[in-house]
Amino acid sequence: FTLLFPVILLFIFGSVFQDTIAPGVTFSQYFVAGMIASGLVNTGFQQLAITIPMERDDGTLKRLRGTPMSVTSYFIGKALLVTILMIIQTALLLFFGSVVFDLNLPSDPQLWWNFAWLVILGSACSTVLGIAFSVVPKSGRGASAVVSPIVIILQFFSGVFFVFTSLPDWMQQFAALFPLKWLTQGMRSVFLPDDFATQEVAQSWEIGKTAIVLVIWLIVGLFFAIRTFKWSRE
């Protein structure tokens, strides 16, 4: 379900909203870029922030603690799992986006390089933030009710479901504090025409700033993940 949910949303929103939002750009194409970025957050942050409390409650983490596995190894294992799922999910979104909604895949190697580091950095950032946030839910059963609304709100505020510049200024400023806004903008820089950059708030893709924001969140997330991670609730 985690893999297919973004694809299902892509079909629903992409089929309903097909208006042209700029010369040569339809909302469907805009939405594909947003869903790729959102998929990184769903598969990393949301999935881990929900499943880790469940593993903590059912004793899985406690049993792992009794093995030679270190916290670092656990983090790496989760990161690899998230990366594999993200690669599959992104491939599905790119396939259906290009076949069904005429998403233009880049021909410039530099754009594919940008796409690669956005996925890697976004995946790492999402993973450590999900691990760090996993201490917030009081139980595994209630984790989804805590985590899912946060992700949905960030998706609405970050230009996943709507054109970002059409949102109120306060929403734009709030979203700019979090990595999802920058991931969606970065993905748009890869898959939308260069001249669409003038439609962004800063009238440019701000690739350098995107990298800086993601690195900062990666460091913050890693710090809190290491400091707050618990094998059990005791």
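The values are calculated or read from the model by the stated rules, or taken from the named source; none is laboratory data. Since this is a predicted model, take the numbers as computed values, not measurements. Glycine also receives a Cβ, built like all others from the backbone with ideal geometry; neighbour counts cover every protein chain displayed.
If we keep just the residues of region 3-37 that are of a type in the set (Ser, Thr, Tyr) and surrounded by 14 or more Cβ atoms within 10 Å (Cβ to Cβ), which is nearest to Leu118 (Cα to Cα)?
Filtering region 3-37 down to residues of a type in the set (Ser, Thr, Tyr) leaves 15, 20, 26, 28, 30.
With the extra rule that they be surrounded by 14 or more Cβ atoms within 10 Å (Cβ to Cβ), the set shrinks to 26, 28, 30.
Working: Thr26: 23, Ser28: 21, Tyr30: 17 Å.
Out of the qualifying residues, it is Tyr30.
Looking for whichever is closer than 27 Å to Glu206 by Cα, out of contact with any Phe, Trp or Tyr (no Cβ under 9 Å at 6 or more places or on another chain) and either among the small types (Gly, Ala, Ser) or not in a helix (DSSP H, G or I) (or both) here; the options are Gly44, Gly34. Which one fits?
None of the others qualify; the one that does is Gly44.
Right, Ile50: surrounded by 21 or more Cβ atoms within 10 Å (Cβ to Cβ), touching a residue at least 40 places away in the same chain (Cβ under 8 Å), more than 23 Å from Pro193 (Cα to Cα) and touching a Lys or Arg at 6+ places or on another chain (Cβ under 9 Å) or not?
Numbers: surrounded by 21 or more Cβ atoms within 10 Å (Cβ to Cβ): yes; touching a residue at least 40 places away in the same chain (Cβ under 8 Å): yes; more than 23 Å from Pro193 (Cα to Cα): yes; touching a Lys or Arg at 6+ places or on another chain (Cβ under 9 Å): no.
Criteria not met by Ile50.
Residues are listed down the side, and each one gets a yes or a no for (1) within 30 Å of Ile226 (Cβ to Cβ); (2) touching a strand residue (DSSP E or B) at 6+ places or on another chain (Cβ under 8 Å); (3) at pLDDT below 85:
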site: Gly14; (1), (2), (3): no, no, yes
site: Ile21; (1), (2), (3): no, no, no
site: Tyr30; (1), (2), (3): no, yes, no
site: Gly39; (1), (2), (3): yes, no, no
site: Ile50; (1), (2), (3): yes, no, no
site: Gly59; (1), (2), (3): yes, no, no
site: Met69; (1), (2), (3): yes, no, yes
site: Tyr74; (1), (2), (3): yes, no, no
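Checking Gln199 against (1) farther than 22 Å from Gly14 by Cβ; (2) touching a strand residue (DSSP E or B) at 6+ places or on another chain (Cβ under 8 Å), which single condition isn't satisfied?
All conditions are met except number (1).
Identify, please: which residue in region 194-229 is part of a loop (DSSP other than H, G, I, E, B) and touching a Ser or Thr at 6+ places or on another chain (Cβ under 9 Å) and is, among those, modelled with the lowest pLDDT?
Of the residues in region 194-229, the ones part of a loop (DSSP other than H, G, I, E, B) are 200-206, 229.
Now restrict to residues that are touching a Ser or Thr at 6+ places or on another chain (Cβ under 9 Å): 200-201, 204-206, 229.
On the way: Glu200: 93, Val201: 93, Ser204: 95, Trp205: 96, Glu206: 96, Phe229: 88.
My answer is Phe229.
Checking Gly159 against (1) in contact with a strand residue (DSSP E or B) (Cβ under 6 Å, 6 or more places away or on another chain); (2) on the phi > 0 side of the Ramachandran plot, which single condition isn't satisfied?
It fails just one condition, (1).
Can you name every residue in region 94-114 that is crowded, with 16+ Cβ neighbours inside 10 Å, aliphatic (A, V, I, L, M) and farther than 18 Å from Thr20 by Cα?
Going residue by residue through region 94-114, those that are crowded, with 16+ Cβ neighbours inside 10 Å are 94, 96-97, 101, 103, 114.
Going one step further and asking which of them are aliphatic (A, V, I, L, M), we end up with 94, 103.
If the condition is that a residue be crowded, with 16+ Cβ neighbours inside 10 Å, aliphatic (A, V, I, L, M) and farther than 18 Å from Thr20 by Cα, then Leu94 is the only one that fits.
Scan region 126-135 and give yes if some residue there is in contact with a Phe, Trp or Tyr (Cβ under 9 Å, 6 or more places away or on another chain), surrounded by fewer than 22 Cβ atoms within 10 Å (Cβ to Cβ) and modelled with pLDDT of 95 or more, otherwise no.
The first filter runs over region 126-135 and keeps only residues in contact with a Phe, Trp or Tyr (Cβ under 9 Å, 6 or more places away or on another chain), leaving 126-135.
Checking which are surrounded by fewer than 22 Cβ atoms within 10 Å (Cβ to Cβ) leaves us with 135.
Remaining after also requiring modelled with pLDDT of 95 or more: none.
No, region 126-135 contains no residue that is in contact with a Phe, Trp or Tyr (Cβ under 9 Å, 6 or more places away or on another chain), surrounded by fewer than 22 Cβ atoms within 10 Å (Cβ to Cβ) and modelled with pLDDT of 95 or more.
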